[in-house]
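The values are calculated or read from the model by the stated rules, or taken from the named source; none is laboratory data. Keep in mind the model is a prediction, meaning the values are calculated, not measured. Backbone-built Cβ (ideal geometry, glycine too); neighbour counts: all protein chains shown. Surface areas here come from the heavy atoms of the whole protein model, side chains and all, with no ligands, DNA or RNA. Shrake-Rupley method; radii C 1.70, N 1.55, O 1.52, S 1.80 Å.
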Amino acid sequence: MRKTMMIFLLIGLFMPILSACWNQKELTDLAFVMAMGIDKGENRRFQVSFQIVIPGNVASGQGGGGGGQGLPIAVYTSSGDTITEAARRATQKISRRLYYAHTNLIAVSEEVAKDGLLDILDALDRDPEFRTTTEIVVARKTSAEKLVSALANLDKLPVNKVTKEIESTEALLGENMRVNIDEFINGLISHGREPITNGYKISGNQNMSGKSDDLKNTRSEAVLSSSGLAIFRNGKLEGWIDREKARGVVWIMDKVKSTSINIDWNGKKNAITMAPIRSKTKVAVNIKQGKPVVNVAIEFEGWISEANTTVDLTDPKVIEKIDKSVANEIEKQIQSTITEVQKKKSDIFGFGERIHRKNPKLWKKIKGNWNERFAELEVNVKVDSFTRREGIRTKPFWYDINQ
């Protein structure tokens, strides 16, 4: 009897702390923020745009746009001298509490990025509801408000188009890479590396951004598209790097999954295209006469995805010549990238971090003005290319035509 009473007593003591509903949130009381846009305000420092999903309009079907049920998102704007103030002022326009657990994207305008992101990131990093795996982009040649207001045909939620597009361009083109808030902050606090992030723009008619009429066309007039990499220094936007030079950044950071390398052959430009099977980048630091020297070595294995010229791919000497041409082209792209980034005096590659690990005493001497020293740093690039496959046709039809 006494044992039974003790059990009931313990159950009674634990009941209050075992309750699962003390902090419950009803779905009907929440506004799910899928993306945020941060622009310069007129009367206050920031104007913040909140892209909020309308659940009833995305509940059925997988098509893009409104699907005949209305638009999938609503965008509200609010201003404040801090991000927290802007978010709280938004309650004057929104009947539900803003909920950030599903926020996948933060877009900042170029103007805000040039002023610096230091006063923005703490609010995003500190809020327990906010995921620091959320991607951050810079709205290029457009406002962040227009970017988060844009609609998409293929994806119901426009934010999914942005995040999926960055993922696909990273995987297939090699000119972008996913950068989340955590990674950006790590670049900020590092003494030997500066942060980068993706640029995003609206191609075409920006005035059509956010209008449902644009979704009625097979070719949208306002199209969301990735646009280069944004380079930062001391938390402020320093400049942009695009196309092959952006690809060079991805090469050095060992994040190339797939891309295309074009080389000339038989006097024809871009006659042969090589696509990667695998690629590995190694960065090493040597100390030469008291100065650091960085060596970038890349091992590239690929397959010939196009051969628009007369070429015998069964000849080992021809393959060897192709390999040398591909290696030279990759080296040229990477050297061009390094030269461009050094002009901006922003060590986005993290060479300083590697020097610190290699020789802490030397790093202690040079870290004070590292970005200036980075601009003059000697960087050597060596690429080894190997053709592993030629596709299903070793001799292209061009070979037969010219026989």
Separation of alpha-carbon centers, segment 213-227 and segment 313-387, rounded to whole Å: 38 Å
Of the accessible area of the chain, computed with a 1.4 Å probe and all protein chains kept, carbon and sulfur make up a percent value of 49 percent
Could you work out the mean projected area of the convex hull around the alpha carbons of segment 170-300, in square nanometres to one decimal? 12.8 nm²
Per DSSP H run of n ≥ 4, the term is -39500 (n - 2.57); total these for the chain, divide by its residue number, and report the mean residue ellipticity at 222 nm rounded to 500 deg cm²/dmol. -9500 deg cm²/dmol
Expressed in nanometres to one decimal, the distance between label points 7 Å along Cα→Cβ at Ala74 and Asp384 is 6.1 nm
Return the long-range amide H neighbours of Ser227 (sequence gap of 5 or more, or a different chain), with a cut-off of under 5 Å between placed amide H atoms. Gly199, Tyr200, Lys201
In nm, give the distance between the simple-model label positions of Lys269 and Arg243, each being 7 Å from the Cα along the Cα-to-Cβ direction. 1.0 nm
Sort largest first and round to whole Å: the equivalent ellipsoid semi-axes of segment 116-173, each the square root of five times a Cα gyration tensor eigenvalue. 23, 15, 13
Rounded to whole Å, give me the distance from the Cα center of segment 132-185 to that of segment 240-311. 25 Å
Say the cut-off is 22 Å between C-alpha atoms; which of Lys201/Lys269; Lys201/Lys282; Lys236/Lys344; Lys332/Lys358 go over it? Lys201/Lys269; Lys201/Lys282; Lys332/Lys358
Send over a whole-number figure in Å² for the accessible area per residue of the chain, probe 1.4 Å. 53 Å²
Take the Cα radius of gyration of segment 132-201 and divide it by 2.2 N^0.38 Å, with N its residue count; two decimals is plenty. 1.19
For segment 151-167, in order, what is each residue's ³J(HN,Hα) by Karplus, 6.51 cos²θ - 1.76 cosθ + 1.60 with θ = phi - 60°, in whole Hz (x at glycine and Pro)? 9, 9, 7, 7, 10, 4, 9, x, 4, 5, 4, 5, 5, 5, 5, 4, 5
Using a 1.4 angstrom probe and counting only protein chains, how large is the accessible area of Phe386 in Å², to 10? 80 Å²
So what's the projected area for segment 182-245, the Cα convex hull averaged over all directions, in nm²? 6.2 nm²
